[in-house]
Structure formats: C-alpha cells, structure tokens
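Data block below; observations after.
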Amino acid sequence: MAAGVCGDGLVYGGVYGLVEGVRRIAVLRANALGDLVVSLPAIEALKRAYPQARLTLLGQDWHRRFLAGRPGPVDEVIALPPVAGVSAPADGPAAPPGLYDGLRRRRFDLAVQLHGGGRYSNPFVRALGARLTAGLRTPDAERLDRWVPYHYFQHETLRMLEVAALVGARTETAEPRIAVTAADRAELARVLGEPPPGLVAVHPGAGDPRRRWPARRFAAVADRLGRPVVVTGTGAERELVHDVVAAMRRPALPLVDGLGMGGLAALYERCDLVIANDTGPRHLAAAVGAPTVGIYWCGNAINAAPWPAAGTGRCCPGSWPARCAGPAASI
C-alpha cells in the first residue's frame, strides 16, 4: 500500500513516486461542506507535491463561490452540472452533451478521484482523458490507473491521503485548515456587528435527522455555559434552531441563513466554542481554529471525528445508535 502511519504524526507517501511533467491536475470532490474540509489535507499535499501545476477542483457552484479569492491549494473550481452519482443523486441526469469534450480540452495530466467508492465517479474520471488517473475503488467499480480499496470504516481524511500518496504526494498533518478572509469578516460585521466576548455557537442541525442530538440537550448545555450564545442553522433547520432557543433559560440569538459560508467561517473564528452534531459546520469551525465539541454516532466518529479523537472517541450512554463525543466533551 502507498501509505503509512508513523508515531504520533502521519507521513503518507510510499511505493509510488511523483509523476513527471504534471502541469494540470483535476480533483473530483463534488459534494458537501464537510466532505470538502476533510479532503483538504490531501488536496494540499497534491499542491505541495506539484507546486507548478494548476489544480482544478471539479465541484459544485457553492465550491466556486466559497473558494473564490480564498488562499489555499485550489487554483480554480469548475462547477459541474448535475451528473448522476457524481454531482447529483444516483437517479439524477446523465452528463449533458459536450461536458466531457470541454473537460478533455483542458488536457489534465492527473485526474484524482477523492469522491467515494468509484461506482459512478471512476467512469467519470476516466472519461476526462487524463494521462494518469488515481483514486478509490470498491469491488464493483472500474479500475483507475492507480487505486486503493475503499473501506467504509476508515477516517475520511486518511482515506484521501492514501489517494494522494498514489501520485507521490506526502504530508505530515491531517488537520484541515481554511483561511478566513477580509471579505468574510466584513460580511460578519455587516450582519451581526462585533460579536460579544466569550461567544459560543450551537449548531443543532444535521443532514441526516438520525444524527441530531435532541434540541433540549443542546439548550441545557448552552445554559450551563453561562456565555452569550448564537444558534446557527439553514433554512430547512429553522424550526430546530428555534426549538433550541425556546428551550433555553438564557437568551440566545437564532441565526438562520443569515450568513453565507464565508461569513459563517468568520463567526466561528470569533467563537470560544462551537457545539454541533456531525456536520459540515462543525468541520468548518475546527478548520478556522475554533475549539469544537462534536456529537457523533460511533460509526460516524470513525469516519469523521476530529483527528486524533476518531481513534480515541468516548461512547456516551444513551439511545441506540449510541452517540459519541471526542475526549474533550463533558456533556
């Protein structure tokens, strides 16, 4: 295998060396916020390994908006149209006419699949016409030129670093980092003004309702902290946000779709603590340097808990499936 673990840190690299003459790299990662954040160490490793190459993220329109002008390893984002199993659910539309021709004209040297098991994404990556393809593979997926097996119960960041190692990219850190820009901070100032000292953010939502800790428990924890509290959520989570605020004994500010993703990053940067379910916002908060407490199903903790908490997570008694929290949690 092209990956290894050494001591307390991680050093990925191995039997595969760098690919010569790489000027253009395509990385497929066309899914949600948390998926992007956990893959950033691998994307950064690719950029460090090929510093002169132009790295293109094949993503969605929100990637283009969020990453525009933001320091980091991505040089450009191509927002894919809905494509079944790639940038849309598996029952979505096929790739529109001309999509592959337009992507092939970019003459990618490397096409790297950081998207999943490969049933849909590997044929997509192969169709880009790159000199070399690399990525993940389940037994039912097409082979790429270089691949590692997709095992579900593996931390997502380490999974992606294994793929980067297939083309000689190395790293010594698995901690994602996202830069907060002046534009992000200006958006926060326009919407909320100056955040109060000691601010705590609570994010009670999650894409899968089964991953949601009860609103009353979020409220109880927020009350015990005795800090100013903001409760964040999307439009679809409006009722949940207001349930938390209503259950609290202390006042709290509900913030539903009040900030874009950049403004949310700036808000979390100013927080003393962010408490959230296993969600993209928790990953975002940690990536901008905020202390976080995450509430996880045990299986999800293996895949996505903060490193190295994923290896030492503490399962908390409660309803099945069990909820898990990293060792810093005291809830």
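The values are calculated or read from the model by the stated rules, or taken from the named source; none is laboratory data. Model, not experiment: these values are computed from the prediction. FYI the Cβ positions are ideal-geometry reconstructions off the backbone, even for glycines, and counts take in every protein chain you see. The area values use the complete protein model at the heavy-atom level, side chains included, leaving out ligands, DNA and RNA. Shrake-Rupley method; radii C 1.70, N 1.55, O 1.52, S 1.80 Å.
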Might you report the magnitude of the Cβ-based charge dipole of the chain about its Cα centre, with Lys and Arg at +1 and Asp and Glu at -1, to the nearest 20 debye?
-> 140
Sequence-distant or interchain residues sharing an amide H contact under 5 Å with residue 147, placed H: which?
-> 135
The stretch 153-223: C-alpha gyration tensor shape, a/c 1.5 cut-off, then a/b vs b/c | oblate
The chain: calculated mean residue ellipticity at 222 nm from DSSP helix runs of at least 4, using -39500 (n - 2.57) | -9000 deg cm²/dmol
If you count the DSSP beta bridges with both ends in the chain, what percent of them are antiparallel, to the nearest 5?
-> 20
Between the stretch 138-153 and the stretch 280-309, what is the C-alpha centre distance in whole Å?
-> 25
Those trypsin sites (Lys or Arg not before Pro) in the stretch 93-137 that DSSP places in a loop and that have at most 11 other beta carbons within 10 Å = 105
Calculated FRET efficiency for the pair residue 52/residue 105, C-beta based, R₀ 25 Å, to 0.05 | 0.75
With the Cα gyration tensor of the stretch 188-235 giving a ≥ b ≥ c as the square roots of its eigenvalues, does the rule (a/c under 1.5 for rounded; else a/b larger than b/c for prolate; else oblate) give rounded, prolate or oblate?
-> oblate
According to a simple spin-label model (label point 7 Å from Cα along Cα-to-Cβ), what is the distance in nm between residue 64 and residue 217?
-> 4.0
So what are the ³J(HN,Hα) numbers for the stretch 269-276, from phi and the Karplus equation (6.51, -1.76, 1.60; θ = phi - 60°), rounded to whole Hz, Gly and Pro as x?
-> 4, 8, 8, 6, 7, 10, 10, 7
Which trypsin sites (Lys or Arg not before Pro) does the stretch 186-273 hold that lie in a coil by DSSP with at most 10 other beta carbons within 10 Å?
-> 249
Hey, can you find the accessible area per residue of the stretch 94-245 for me, probe 1.4 Å, expressed in square angstrom?
-> 47
State the percentage of accessible surface on the stretch 56-142 attributable to carbon and sulfur atoms; use a 1.4 Å probe and exclude ligands, DNA and RNA.
-> 50
Calculate, for residue 181 and residue 132, the FRET efficiency according to 1/(1 + (r/R0)^6) with r their C-beta to C-beta distance and R0 30 Å; round to the nearest 0.05.
-> 0.35
Along the stretch 41-58, what does the Karplus equation 6.51 cos²θ - 1.76 cosθ + 1.60 (θ = phi - 60°) give for ³J(HN,Hα), rounded to whole Hz, x for Gly and Pro?
-> x, 5, 5, 5, 4, 4, 5, 5, 6, 10, x, 8, 7, 8, 9, 10, 8, 8
Loop-exposed chymotrypsin sites (Phe, Trp or Tyr not before Pro) per DSSP, neighbour cap 12 Cβ within 10 angstrom, longest uninterrupted part of the chain | 154-331
Label-point separation, residue 172 to residue 84 (7 Å along Cα→Cβ), nm | 4.7
Could I have the simple spin-label model distance between residue 16 and residue 257, label points 7 Å from Cα toward Cβ, reported in nm to one decimal?
-> 4.1
Please list the non-local residues whose amide H lies under 5 Å from the amide H of residue 293, H modeled 1.01 Å from N, same-chain partners needing a gap of 5 or more.
-> 274, 275, 276
